[in-house]
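Student: Let me give you the structure first, and then I'll get to my questions.
The values are calculated or read from the model by the stated rules, or taken from the named source; none is laboratory data. What you are looking at is a predicted structure, and each value in this text was computed from that prediction instead of being measured. Because the Cβ atoms are built from the backbone with ideal geometry, glycine has one as well, and the counts that use them run over all protein chains shown.
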Amino acid sequence: MNSIDNRGNIITGTTAILVVSLILIVIFVVNSLNYIESENIDSIASDNFKYIIDDYNKNLEQLGRDSIAEETDKLYHAHKVKDSRKEIAKILNGKLKDVNAEYREKYGIDIRSEVVSVESTDTPWKVLFKVRVKADKDSQQFDGVLESNSSIEGLNDPLPYAMITAYNNINHDDKTIYYFESLAQYLLKHNAKSYESYILASSPMIIKKCPYDPYVHHGDGNTLKECLKNGYFHESRDGSCYLCRLEGKGTCPHYGMEVFIHPHTLITNETVSCVDHVIFHDRYNGKKLDENDINSLILDESHCKKYGLVYNGQQG
Ligand SMILES: [Zn+2]
Ligand SMILES: [Zn+2]
């Protein structure tokens, strides 16, 4: 009895194992076939999906730049900027909300985005945006951080308006900022020597990168004259970056820029050097390059060296 029962159990057990194995093999084969088939369809669809994400990433450059420009425009209309990175991120988030709705309409893709950071970079001419993006379309998904560099060339210089508020007599046309007596008043408040030299000073408004590089050649021929005429900006470790300029910082830890403020004066006394980070932060003195020129720059020795100009002090 027992041996017959055992034999029966063995046969039943073996059959069960065989049946289960067979079912597993069938499932595996069917799945593999499905997988191969859907992979072909997916590769076409995912190319399209990838294109949409790339397209979205490309748009970030202009959207980021527009967001910075909007923040600067607020500053030019007497709005103080406390945290430029946070405020620009907020503006960009608003813009992306519209763009996401547009993409849903156009491509049937569901995008959720959030600006992670707005950062200064190792060049003063670019601002880095990082945006966390989650996207779904049919069964495809993207979840990652998109990065984009936006140029600040061609935007307005925020620093003068951040330092000397709009109601305090500062104005501009399409390319120059005019200080009237406000910059002299600002320097008086900061105990600068011969602050009167900066009555009627002006400075370039639009950020343009100086092409005369290396800068030490500014002393050659008409180079300085051309640079001043065009209102070019220069790279500078001591000068502040665009994002810190918005916050009214004359200097910052990031790689920044500097520009010459143009004095317009008969006074020849030693006074603050006319480089903007010196005027708005360091306030050390310089001398007129040419005492007989009413529009002469007033420069300290180290900036003369940087631009290849002869320091007036050396000539007596
Ligand atoms: Zn230059
Ligand atoms: Zn900075």
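Student: Going by the conditions given, is CYS244 touching a Cys at 6+ places or on another chain (Cβ under 7 Å), buried (at least 21 other Cβ atoms within 10 Å of the Cβ) and either farther than 30 Å from TYR56 by Cα or not assigned by TED's automatic domain parsing to the domain that holds HIS77 (or both)?
Tutor: Numbers: touching a Cys at 6+ places or on another chain (Cβ under 7 Å): yes; buried (at least 21 other Cβ atoms within 10 Å of the Cβ): yes; either farther than 30 Å from TYR56 by Cα or not assigned by TED's automatic domain parsing to the domain that holds HIS77 (or both): yes.
Yes.
Student: Please determine whether any residue of region 278-291 is surrounded by fewer than 21 Cβ atoms within 10 Å (Cβ to Cβ), more than 16 Å from ligand 1 (Cβ to nearest atom) and part of a strand (DSSP E or B).
Tutor: Yes.
Student: Just name the residue that is surrounded by the most Cβ atoms within 10 Å (Cβ to Cβ) out of those in region 189-222 that are within 10 Å of ligand 1 (Cβ to nearest atom) and either under 17 Å from ILE298 (Cα atoms) or acidic (Asp, Glu) (or both).
Tutor: Ranking the qualifying residues of region 189-222, first place goes to HIS218.
Student: Please verify whether THR251 is away from ligand 1 (no atom under 16 Å from the Cβ), more than 16 Å from the chain's Cα centre (by Cα) and surrounded by fewer than 23 Cβ atoms within 10 Å (Cβ to Cβ), treating the condition exactly as stated.
Tutor: On the way: away from ligand 1 (no atom under 16 Å from the Cβ): yes; more than 16 Å from the chain's Cα centre (by Cα): yes; surrounded by fewer than 23 Cβ atoms within 10 Å (Cβ to Cβ): yes.
Here the answer is yes, as THR251 does meet what is asked.
Student: What is the number of the single condition among (1) modelled with pLDDT under 95; (2) under 20 Å from GLY154 (Cα atoms) that ARG85 does not meet?
Tutor: Tallying (1) modelled with pLDDT under 95; (2) under 20 Å from GLY154 (Cα atoms), ARG85 fails exactly one: (1).
Student: Still on this model: So SER139 clears everything in (1) surrounded by fewer than 21 Cβ atoms within 10 Å (Cβ to Cβ); (2) in the same structural domain as ILE298 (by TED's automatic domain parsing); (3) polar (S, T, N, Q) except one condition, right? Which one?
Tutor: So SER139 meets the others, but not (2).
Student: Evaluate the following for LEU159: is it within 16 Å of ligand 2 (Cβ to nearest atom) and over 25 Å from SER302 (Cβ atoms)?
Tutor: Working: within 16 Å of ligand 2 (Cβ to nearest atom): yes; over 25 Å from SER302 (Cβ atoms): no.
Considered against the rule, which asks whether it is within 16 Å of ligand 2 (Cβ to nearest atom) and over 25 Å from SER302 (Cβ atoms), LEU159 comes out as no.
Student: Between a residue in region 255-266 that is within 16 Å of PRO124 (Cβ to Cβ) and any residue that is among the small types (Gly, Ala, Ser) and within 15 Å of ligand 1 (Cβ to nearest atom), which pairs come within a Cβ distance under 7 Å, given they are 6 or more apart or on different chains?
Tutor: Close Cβ pairs (under 7 Å, with a partner that is among the small types (Gly, Ala, Ser) and within 15 Å of ligand 1 (Cβ to nearest atom)) amount to GLY256/SER236; GLY256/GLY239; MET257/SER236; MET257/GLY239; GLU258/SER236; GLU258/GLY239; VAL259/SER203.
Student: Return the residues of region 203-253 that are within 16 Å of ligand 2 (Cβ to nearest atom), part of a loop (DSSP other than H, G, I, E, B) and touching a strand residue (DSSP E or B) at 6+ places or on another chain (Cβ under 6 Å); say none if nothing qualifies.
Tutor: Residues satisfying the conditions are ILE207, GLY239, SER240, CYS241.
Student: Here are some residues: GLU226, GLU235. Which one is within 13 Å of ligand 1 (Cβ to nearest atom), under 26 Å from the mean Cα position of the chain (by Cα) and modelled with pLDDT of 95 or more?
Tutor: GLU235
Student: Kindly indicate whether VAL310 is away from ligand 2 (no atom under 16 Å from the Cβ), crowded, with 22+ Cβ neighbours inside 10 Å and over 27 Å from LYS86 (Cα atoms).
Tutor: Details: away from ligand 2 (no atom under 16 Å from the Cβ): yes; crowded, with 22+ Cβ neighbours inside 10 Å: no; over 27 Å from LYS86 (Cα atoms): yes.
Spelling it out, it is not the case that VAL310 is away from ligand 2 (no atom under 16 Å from the Cβ), crowded, with 22+ Cβ neighbours inside 10 Å and over 27 Å from LYS86 (Cα atoms).
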